[in-house]
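See below for the structure under consideration.
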Amino acid sequence: MTVPGLSHRRVIIVGAGQAGLAVAGALRNAGLVPQSDFTVIDANMNGQRSWASRWHSMALLSDAHHSSIARRPLPGDQSRRPRVDEMEEYLASVEASLGIAVMWGMRATGVSPYGSGSSLLLSTNEGPVQTRNVVCATGASSRPWVPPWAADLIVPGVAIHSADYQFPRQIPAGDVLIIGGGHSGAQIARELAHSHTVTLSVRRRGQDPKPRKGVRRWPWSAHPRSELPHEDEHAELQQHGVSIVPPARGADGRQINFEDGAQVRPRSVIFATGYLPADDWLPKVVRDSESRHRRPGTTSIPGLYVAGFPKYSTPGADSFTGVRRDAASIARRILNRP
């Protein structure tokens with residue numbers, strides 16, 4: 001079983017973002033040859049990573065010094081917080097410097113042991129392919145999540161997820177409710193406060209300590225300690241005219257209900273409610289198994305690894321530091337695998 005360009009590879013890395021490139025860099029540093037020993041596939045078209053779809057003014061939570069991979073530092077001032085367009089360019093330059101020819105537009109749809117040997121069968125939209133090792137690097141925060149009650153919401157303006165927000169003029173004039181007080185919601189609120197009447201629905205520290213399974217509310221955090229904005233950040237937003245209200249609990253047509261009983265009828269709504277991991281193509285037995293009994297980045301299927309997912313590794317595995325750590329560990333295990 002072969003797919004042109006994928007046959008006879010020792011490793012197939014699924015995902016060409018920072019986690020996938022970190023693994024590619026670790027394999028290359030260990031002596032494996034791109035396109036010959038390993039290759040990288042990605043479901044996105046036209047060579048565009050998810051960074052390209054983020055809002056134009058978005059900045060990382062980490063500085064440039066802590067936002068690099070594959071032993072390749074970001075250029076320029078190392079104390080600055082890079083913008084998303086810089087990260088898109090940076091990852092493209094890392095890809096080129098590693099000599100990787102990403103196979104864009106190829107989506108992984110499943111993976112399973114092949115026969116009784118040590119090989120795996122990777123299913124893709126182009127067909128199945130046999131390989132010895134597969135690395136899932138498709139992202140711990142990749143699929144936008146909105147609460148189920150969002151389907152009951154009707155607004156005269158727009159109702160979008162923060163993944164679809166680009167710039168202020170995209171939002172019709174008037175009041176806008178941002179649901180989600182993490183870093184994404186706070187950054188968007190700060191930007192919109194110059195041109196709109198903004199209300200930010202937040203969950204205070206200490207509330208709802210158990211997050212919904214698989215949902216990351218505050219993506220792109222470079223350090224696990226930075227999961228939630230500090231209270232003083234919300235106070236700063238209030239100084240810029242942003243109203244802070246309790247969590248939203250549901251919608252009835254135009255009306256949104258909050259947990260304290262208050263109700264509003266906003267013109268537009270932005271859901272900064274986080275993302276689901278892109279591990280839905282992995283076998284259910286892998287997704288449901290307990291990771292604490294395994295080495296970080298490994299799974300219950302020999303030869304199948306996961307990079308950049310805290311669920312399969314350690315807290316902060318989705319940070320730049322975390323993916324470097326995962327990548328080095330996975331590369332060692334692939335080289336030592338008989």
For region 52-182, shape from the Cα gyration tensor axes a ≥ b ≥ c, cut at a/c of 1.5 then a/b versus b/c, turns out oblate
For the chain, the dipole about the Cα centre with charges only on Cβ (Lys and Arg +1, Asp and Glu -1), to the nearest 20 debye, works out at 1060
Rounded to a whole %, the carbon-and-sulfur portion of the accessible area of region 114-199 at a 1.4 Å probe is 53
Quick calc, region 291-338, dipole around Cα centre from Cβ unit charges on Lys, Arg (+) and Asp, Glu (-), nearest 20 debye, gives 180
In whole µm²/s, the translational diffusion coefficient that Stokes-Einstein assigns to region 253-338, given a Kirkwood hydrodynamic radius over C-alpha pairs, 25 °C and 0.890 mPa s, equals 156
accessible surface per residue for the chain, probe 1.4 Å, DNA/RNA/ligands not counted, whole Å² -> 45
Applying the span-like rule to the chain (DSSP H, Cα extent along axis at least 15 Å, Kyte-Doolittle mean at least -1.0) gives 18-29, 84-98, 320-336
One finds the C-alpha centres of region 171-191 and region 31-46 to be spaced, in Å, by 38
Relative contact order of the chain (C-alpha contacts under 8 Å, at least 6 apart) in percent is 22
hull vol. (C-alpha, convex hull) per residue for the chain, Å³ -> 139
For the chain, the charge dipole (Cβ of Lys, Arg +1; Cβ of Asp, Glu -1; about the Cα centre) points to a positive end, and the Cα of Gln35, Thr197, Thr321 closest to that extreme belongs to Gln35
Expressed in nanometres to one decimal, the distance between label points 7 Å along Cα→Cβ at Asp280 and His65 is 4.0
Packing-ranked peptide list from 308-320, 148-160, highest mean Cβ count within 10 angstrom first, is 308-320, 148-160
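The values are calculated or read from the model by the stated rules, or taken from the named source; none is laboratory data. None of the values given here were measured: they were computed from a predicted structure. Please note: Cβ atoms are built from the backbone with ideal geometry, for glycine as well, and neighbour counts cover all protein chains shown. Just the protein is used for accessible areas: all its heavy atoms, side chains included, with ligands, DNA and RNA removed. Shrake-Rupley method; radii C 1.70, N 1.55, O 1.52, S 1.80 Å.
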